[in-house]
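See structure below.
Coordinate-derived values only; no laboratory data. Since the structure is predicted, the reported quantities are computational estimates derived from the model, not experimental observations. FYI the Cβ positions are ideal-geometry reconstructions off the backbone, even for glycines, and counts take in every protein chain you see.
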Amino acid sequence: MKKLLLFVTFLTLSAPFMRADEGMWLPSLIGQRIQDMRKNGFRLTAEDVYSVNKASLKDAIVHFGGGCTGEMISGDGLLLTNHHCGYSQIQSHSSVEHDYLTNGFWAMNRSEELPNSGLTVRFLVRMEDVTEAILKGVTDGMDEESRGQLVRTNQEAVVAKAIEGTHYQARVESLFYGNQYFLFVFETYTDVRLVGAPPSAIGKFGGDTDNWMWPRHTGDFALFRVYAGPDNKPAAYSPSNVPYKPKKFFTISLKGVKENDFTMVYGYPGRTQQYIHSQAVNYIQESNPHKIRLRTQRLNIMNEAMAKSPAVRIQYASKNASVANSWKRWQGETKGLIRLQTVAQKRAFEESFTSWAAGKPQYASLVGQLQDLYDELEPYAYAADYHSEALVCVEIVRMAGSISQLLAREERANSEAEQIRSLVSGQLETFFKDYYRPIDQSTFVALLREYLMNVPSRFHSPLIAEQITKYGYSIEMWADELFSTSLFASKEQAMEALHRVDFMDILRKDPAMQLYTAYMDQYNQTVMPKVTALNSAISLLYRGYMRGQMEFQKNKVFYPDANSTLRITYGKVKGYKPMDAVYYEPLSTLDGIMEKDNPDIYDYDVPQKLRDLYHNKDYGRWAVNGTVPVCFIATNHTSGGNSGSPVLNAYGELVGINFDRVWEGTMSDLAYDPVVCRNISVDIRYILFVIDKFAGAGYLLDEMRFSR
Ligand code: ARG
Ligand code: GLU
């Protein structure tokens, strides 16, 4: 225990220097970085950034819908985030008659704002190092199970104490693989309404062609408003709720940025793995192409059907974007890892670590042990990847799975049949709203073929083998039968079946549900247990390996991997050289949008209104050097989840919102390279220009605060 405490002190006291750029820092410990931040141009204090005693920048930031970041930009709860973060809400309010995806949506007064059931935003009330309390009673020789038990019990106590007598929620998160623990206390608002969104031709301009790429011209923003009860506390949706009064909201800077300006990004990055073993990186590099291939097939099928029908295009817009997003990121990541030679670099590091560790029993064999476990894991990890990228991506199989879990859960709880019926019917309604059978059926054929060809037969469920033989090895014929008989492929038949007394039996006998059950049984027997056991053995070794790395590299400043907790990253506006003979400048403008304009290419079809503004040079107060600034890149170390994060200048004023990274730098989740890693932000002035001149919703600017 003593050793552990010493280690923690070491973590919190070591604050020497490192370059800006790399690193995702904990707000409550920002005091350790503030000197370096100020050296790089920052003008505020650590207390301005994070404080429990007064309103600070952190109070203006929310975890948006669990996967993105958003920020307060007015005293009346106005929230700014990315268009792609609000995409599923915008999509769900859209229909062929009210196509907000295509045309945009603007509430012209507060009564027109649209509620979104299920959408929540969380404010961080405070965070605190609770390592000591969590590791209370933990001893060096303790076996893993008892340790885990004790840590869980301690966590529950810490959480219970933190939220006692409040309406808050709290979580304890482990950092550095369980070497450090932090408590996070949140306040969650559940009445969050859509205020405005540009048409996709602005909010998703460049689509998946430009996604993860620079030069970029996307107006990736949307506006929401947080509502509260009359006491300003969280309240379930009610028409009588009032706009939330935040403790803090961002002042918007109209000065813009130029190359080498300081910027910081304050938000919720999801997951990074900076300290993993070379073999893990090697696996990622080698398995990415498989996952990419599976998704290419799904995308081709979707794209073809979406191009033929406006209704299908709306139904599948959000699904398509999310499949396409990682599909493209993985491609960049693999390229980046190869270019950086991360595997070789890590191997070299591991060699020197191992020679340093010789004679230190707690570290000496870690690298080799990790190698062995990863070797053992590989075939199972491969099967697990095909699991999540193949059969469970068939929509009727996934839906059958979710209904099967619902039935089991409700029966355990002895729920009334009537209640179960209404729950199932609710899920099916939502499912069928965005379901198009031809896409799903073709997807089934394509993915099952890949699965059978690439996953060793010892992992296949006997039912699959049986069916394939039954249909004379024709997956198409099996698909015809499956999709014409399964209730999950036909809304009419599903809803009719729900009216029958024995609807639960009927659902359980459904061929899609039987396929799901048989497939999962096999997966849970042959793949899952191994994956779980090996991964937990691996995480245990990482706890030691992480400590070892920190002891070995005494002068390096370590930051914890991202884990969806609030972080700060800072850097500078900067261009980069993506390839030989090419240099990318850091700022893009409206002129670039017009260069890309092409009515024949869906992703580049600029809205006529924007063309008109351009041709008439009708930029109003938003003109800068005869054009309008659109996006910029900087060296901030961001990750998925940082979407929608405020991008702040030296004075903590809002200059943009983060929405992406450049392709050449997407390996930064595993290895950051200052030469090519850049985050991409929309310039706040483009957002204001679109609201004001394009959408005619300039009244929204009245509640914002500007600095010049
Ligand atoms: N790449 C960005 C992120 O990871 C934006 C994704 C949304 N845009 C899209 N074209 N799919 O979320
Ligand atoms: N678009 C990403 C998101 O949704 C941010 C890009 C990244 O991964 O850095 O969070």
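For this structure, a couple of remarks:
- Close amide H contacts of Phe105 (hydrogens built in the peptide plane, cut-off under 5 Å, sequence separation of 5 or more or a different chain): Ala197.
- Among the chymotrypsin sites (Phe, Trp or Tyr not before Pro) in segment 615-699, none is located in a DSSP loop while being surrounded by at most 12 other Cβ atoms within 10 Å of its own Cβ.
- Stokes-Einstein diffusion coefficient of segment 271-353, Kirkwood radius over Cα pairs, 10 °C, 1.306 mPa s, in µm²/s: 108 µm²/s
- Label separation (Arg43 vs Ala408): 5.9 nm, computed from points 7 Å beyond Cα along the C-beta direction.
- Beta bridges per DSSP, both residues in the chain: antiparallel share near 95 percent.
- Semi-axes of the equivalent ellipsoid for the chain, computed as √(5λ) from the eigenvalues of its C-alpha gyration tensor and ordered from largest down, come to 38, 36, 27 Å.
- Stretchable slack from Asn616 to Thr469, in nm (0.36 nm times residue separation minus alpha-carbon distance): 46.2 nm
- Computed from backbone phi, the HN-Hα couplings of segment 441-448 come to 5, 5, 5, 4, 4, 5, 6, 5 Hz, rounded to whole numbers (Karplus: 6.51 cos²θ - 1.76 cosθ + 1.60, θ = phi - 60°; Gly and Pro given as x).
- Calculated on C-alpha atoms, the gyration radius of segment 663-708 divided by its Kirkwood radius gives an Rg/Rh of 1.26.
- Computed from phi, the 3J(HN,Hα) profile of segment 406-416 under the Karplus parametrisation 6.51, -1.76, 1.60 (θ = phi - 60°) reads 4, 4, 4, 5, 5, 5, 4, 7, 6, 5, 5 Hz, with x in place of Gly and Pro.
- For Gln180, the residues whose amide H sits under 5 Å from its own are Leu175, ignoring neighbours fewer than 5 places away on the same chain, with H placed 1.01 Å from N.
- Pair Ser322, Met528: separation of 7 Å Cα→Cβ label points (nm): 2.1 nm
- Cysteine residues of the chain whose Cβ has no partner cysteine Cβ closer than 4.7 Å: Cys393, Cys631, Cys677.
- Exposed-loop-free span, longest in the chain, where GluC sites (Glu not before Pro) count as exposed if DSSP calls them loop and at most 14 other C-beta atoms lie within 10 Å: 417-708
- Note, ³J(HN,Hα) from phi for segment 537-542, Karplus 6.51, -1.76, 1.60, rounded to Hz, x at Gly and Pro: 5, 5, 4, 4, 5, 5
- Restricting the trypsin sites (Lys or Arg not before Pro) of segment 132-203 to loop positions (DSSP other than H, G, I, E, B) with no more than 14 neighbouring Cβ atoms within 10 Å leaves nothing.
- In straight-distance terms, cross-link reach from Lys693 covers every one of the aspartates and glutamates whose alpha-carbon lies under 13 Å from its own, apart from those fewer than eight places away in the same chain; here that gives Asp612, Asp618.
- Loop-resident sites, segment 499-560, for trypsin sites (Lys or Arg not before Pro), counting at most 13 other Cβ within 10 Å (DSSP): Arg500, Lys554, Lys556
- Only helical runs count toward this figure. For the chain, summing -39,500 (n - 2.57) over DSSP H runs of n ≥ 4 and dividing by all residues gives -14000 deg cm²/dmol at 222 nm.
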